[in-house]
1. Before I look further, what does the range 23-85 give for accessible area per residue, probe 1.4 Å, in whole square angstrom?
2. Within the range 1-56, list the GluC sites (Glu not before Pro) lying in a DSSP loop whose Cβ has at most 10 other Cβ atoms in a 10 Å radius.
3. Considering only protein heavy atoms and a probe of 1.4 Å, how much of the accessible area of the range 1-60 is carbon and sulfur, as a whole percent?
4. With a 1.4 Å probe and every protein chain left in place, work out the accessible area per residue of the range 220-408 in Å², rounded to a whole number.
5. Residues with beta-carbon under 13 Å from that of Q145, excluding Q145: net charge, scoring Lys, Arg +1 and Asp, Glu -1?
6. Of F267, G375, S230, which is farthest on the positive side of the dipole of the range 220-408, counting Cα position, with +1 on Lys and Arg Cβ, -1 on Asp and Glu Cβ, and the Cα centre as origin?
7. I need the semi-axes of the equivalent ellipsoid of the range 41-85: take the C-alpha gyration tensor, multiply each eigenvalue by 5, square-root it, list largest first in whole angstrom.
8. Need one number: nm distance between label points at K132 and T283, each 7 Å from Cα along Cα→Cβ, rounded to one decimal.
Amino acid sequence: MAIAIHPTQNLLMTGGSDSRIAEKDNISEDVGVIKMWTILENSTKMVEFAGAINSGHEQTVNCLKFSPNGKNFASGSDDYKIIIWSQQVRQTFVLTGHCKEIYDLQWSKNGEIIVSGGLDKYVIVWNVKKQKQLQTLDGHTAYVQGITIDPRLKSIVSLSQDRSARVWKVLKAQKKNLNNLQFYPQHVVRKLENAQKPEGQQSISQDQQQQSQQQAEEKKQNGIFLGETSLFTFVRRPDWSPDGSFYILPAAEFWVDNKPIMGAYGFLRQSPQVPCFFLPTKTPALVIRFCSKYYNRNQDIQQPLIDLPYKMIFAIGTIDSLLLYSTDSPIPLAIFGNLHYASITDICFRGSNLIAVSSCDGFCSFVQIEEGYFGQEVPIEQLPEYIKVLYNNDKIEEEEVSKKNEESKKQEIVTEQRVEYKETQDGKKKKVIIPKTLQLDQQIQK
């Protein structure tokens, strides 16, 4: 059901369920399990099994995410629990608040906030540092199957089986107060704002039954997300672009000549009510995932998908295929089909050379990409200032670590002592212990 790759280490994790024989009545039962795999370099094998976490979750693990710095990872399950684990695979604490199965969760860019959604129709905002529930967002009328957080932590987007996406915006007064972060419903996306009404809708229907049929047809054709009858799946996982400029929503449809085309819609952050592009797929799109890297644009392309000073890469997982795109073009870079016997459930990137895909058929597949295939990578230092700000937390953390190291060294210096023997008035030598820090202080004064 879920797959995640550590941001800096060769560690891959998968979440799902395995069968276990109960000791009492000898009956098979499904239990939640997280499995760990080592990603192998320069080997014919892609991964090697490293261990499993069989305790913690009593039922299927549906979502699994590493924190941005890789120090922790979070797992959500059918047992209504979110567990925060340390890097040493120790259960640190449990977040309880959902009253039904949890389908998706996402970390904020700073690693202090988690947002989750599930079968109880709620979106819950958590403060991980304080280990507390900040807010429960109510509005969806069916399962919440996908969650994504703006990297700038200004809004949340949730996608539900009720054929709607909801954009929740943070209150301005609460932007810097992570201990009491509050969101409000900014917009609900159900249908295209400029959708044309069917002919005859303006006139009064003679037959009441015919009128209701026309209204039902209008609602069906104006809706931009697939309903339960069209798409019975556990996941509809959207994703924000790493720079926070736009997000992509799966499980979408676009009507042409009374026929639906499956695909995914892209929305600019400043226009949550109107999509800026539509990417068609042959089967329903289920998962969107972005690569965290930035690349130089291809200057020969005149009409990019999104006009940016750089290029980003993302993948769309459908029921039976994987489509690879760049923001330079609306045409996919590659399409991988016939990967699994059942629908794709999750996707994750490892840098720019590996894509891992999970499926509810119980298997994972991998796509290897040649070095330099996406072009030349753009370092964070050369990106616009509004992107650099998103990565300041990493620099602050590095500074804090170095500061702690300096302080610890200073403490070590304080504990070091030198021994001198001074001659007293009676001609005897007296042992005097002098901390070295005094000598350092004297040097600083000089």
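The values are calculated or read from the model by the stated rules, or taken from the named source; none is laboratory data. None of these values were measured; they are calculated from a predicted model. Note that we place each Cβ from the backbone using ideal geometry, even for glycine, and neighbour counts take in every protein chain shown. What goes into the accessible areas is simple: the full protein's heavy atoms, side chains included, and nothing from ligands, DNA or RNA. Shrake-Rupley method; radii C 1.70, N 1.55, O 1.52, S 1.80 Å.
1. Solvent-accessible surface per residue comes out at 51 Å².
2. The qualifying sites are E23, E41.
3. 45 percent
4. Here the per-residue accessible area is 48 Å².
5. Within the 13 Å Cβ shell, the charges total 0.
6. Projecting each Cα onto the dipole axis, the largest value belongs to S230.
7. 25, 15, 9
8. If labels sit at K132 and T283, their model points lie 4.6 nm apart.
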